[in-house]
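Here is the structure we will look at.
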Amino acid sequence: MNANQALWEKGDFTRIADSMRESGAALVDRIGIKKGMKVLDLGCGDGTTAIPAAKTGAEVLGVDLTPKYVAAGNQRAKELGLTNIRFQEGDAMDLRDLPDRTFDVSMSIFGAMFAPRPLDVAKEMVRVTKPGGRVVMGNWIPNDPTLVAQILKISSAYTPAPPAGFVSPMLWGVEDQVIERFAAAGIPRDRISFIRDTWTFTYPHLPVALLDAFRKYYGPTMNAFEAAEAKGKGADLQRELEALFNAHNQSTDNQTTLISAAFLRVTVSV
């Protein structure tokens, strides 16, 4: 198991994904997934965007590095009676099992951005997409004032410095970096477009409960708390993140949480 797989195996992102279902379906609609399309979803988890894509009538393949999310996705599809979707294990940096020019849309929403070799991700996504098709990515934006970027920024202050050669996944949220990576995959600048989009977390409990889910089930936050507690600073991290979650909660109901987070939506015309 490589370090990236270990990070996502560590937690149970399905426990947080339940707060993202509505946003996943809304994004699939905005992307324009339609019946008859062949769609790849990389780093798909248990199907936050893959399953809504299948519900449109598209033929969907979800690929994830983590076996337990592949199993969870296949179970969700079975329970929903969806026969036009399947989930399988795979690495966004090396899609050797997938032939060239296969998909009308190859998408990755907060998934492939965490793979450690971004140039390989860009090349593979372009390779498996049909001419005239699209690559679509949703990537968190570094130093953005909204929730997820701030969770990662706050957490980073409590964790050890990354190893030499580490490439931050947040660079996928920088337009110039995205252009450079897809240029290396043969895509000219004028075929890459960007939209600042919004993702919303909807949770049927107070913000502190959503934070608790991140603390227990989201690999990067789990690692941050382990590192903070080892230094006797776990309570400090908890205070900072509680303040963040409370400040960003837009719900008027004191029993629910509604938090929006900005991300960079990348569309590449192949």
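The values are calculated or read from the model by the stated rules, or taken from the named source; none is laboratory data. For clarity, every value in this text was computed on a predicted model and none was experimentally measured. So basically every Cβ, Gly included, is an ideal-geometry build from the backbone, and we count neighbours across all protein chains shown.
Mind checking which residues of region 180-196 are surrounded by fewer than 17 Cβ atoms within 10 Å (Cβ to Cβ) and either of a type in the set (A, V, I, L, M) or within 22 Å of His248 (Cα to Cα) (or both)?
Taking region 180-196 first, the residues surrounded by fewer than 17 Cβ atoms within 10 Å (Cβ to Cβ) are 180, 183-184, 186, 188-191, 193-196.
Across region 180-196, the qualifying residues are Ala183, Ala184, Ile195, Arg196.
Kindly check whether there is at least one residue in region 231-251 that is surrounded by fewer than 15 Cβ atoms within 10 Å (Cβ to Cβ), at pLDDT 95 or above and assigned to a strand (DSSP E or B).
No, there is no match, as no residue in region 231-251 is surrounded by fewer than 15 Cβ atoms within 10 Å (Cβ to Cβ), at pLDDT 95 or above and assigned to a strand (DSSP E or B).
When region 93-114 is examined, which residues are found to be out of contact with any Gly (no Cβ under 6 Å at 6 or more places or on another chain) and part of a loop (DSSP other than H, G, I, E, B)?
Met93, Leu95, Arg96, Asp97, Leu98, Pro99, Asp100, Arg101, Thr102
Which one is farthest from the chain's Cα centre (by Cα) among residues in region 215-230 that are modelled with pLDDT under 95 and of a type in the set (Phe, Trp, Tyr)?
So, considering only residues that are modelled with pLDDT under 95 and of a type in the set (Phe, Trp, Tyr), the one farthest from the chain's Cα centre (by Cα) is Tyr217.
Identify the residue in region 67-92 that is part of a loop (DSSP other than H, G, I, E, B) and surrounded by fewer than 24 Cβ atoms within 10 Å (Cβ to Cβ) and, among all such residues, is nearest to the chain's Cα centre (by Cα).
Among residues in region 67-92 that are part of a loop (DSSP other than H, G, I, E, B) and surrounded by fewer than 24 Cβ atoms within 10 Å (Cβ to Cβ), the one nearest to the chain's Cα centre (by Cα) is Gly90.
Quick one: what pairs do we get from region 60-85, first residue polar (S, T, N, Q), second assigned to a helix (DSSP H, G or I), C-beta under 7 Å, 6+ apart or different chains?
Hits for this filter: Thr66/Gln5; Thr66/Trp8; Thr66/Glu9; Asn84/Ala54.
Within region 25-42, track down each residue that is within 23 Å of Asn249 (Cβ to Cβ) and buried (at least 20 other Cβ atoms within 10 Å of the Cβ).
Of everything in region 25-42, just one residue is within 23 Å of Asn249 (Cβ to Cβ) and buried (at least 20 other Cβ atoms within 10 Å of the Cβ), namely Leu27.
Quick check on my filter: what residues within region 98-116 are surrounded by fewer than 20 Cβ atoms within 10 Å (Cβ to Cβ) and modelled with pLDDT of 95 or more?
Leu98, Pro99, Asp100, Arg101, Thr102, Asp104
Could you please find all residues in region 26-49 being within 15 Å of Trp8 (Cβ to Cβ) and of a type in the set (A, V, I, L, M)?
Scanning region 26-49 gives a single hit, Leu42.
Inside region 13-51, can you point out the residues that are of a type outside the set (S, T, N, Q), out of contact with any strand residue (DSSP E or B) (no Cβ under 7 Å at 6 or more places or on another chain) and either in a loop (DSSP other than H, G, I, E, B) or modelled with pLDDT under 95 (or both)?
The answer is Phe13, Arg15, Ile16, Ala17, Asp18, Arg21, Gly32, Lys34, Lys35, Gly36, Asp46.
Among the residues of region 52-66 satisfying the criterion of being more than 20 Å from Ala92 (Cβ to Cβ) and not in a helix (DSSP H, G or I), which is farthest from the chain's Cα centre (by Cα)?
Ranking the candidates gives Gly57 first.
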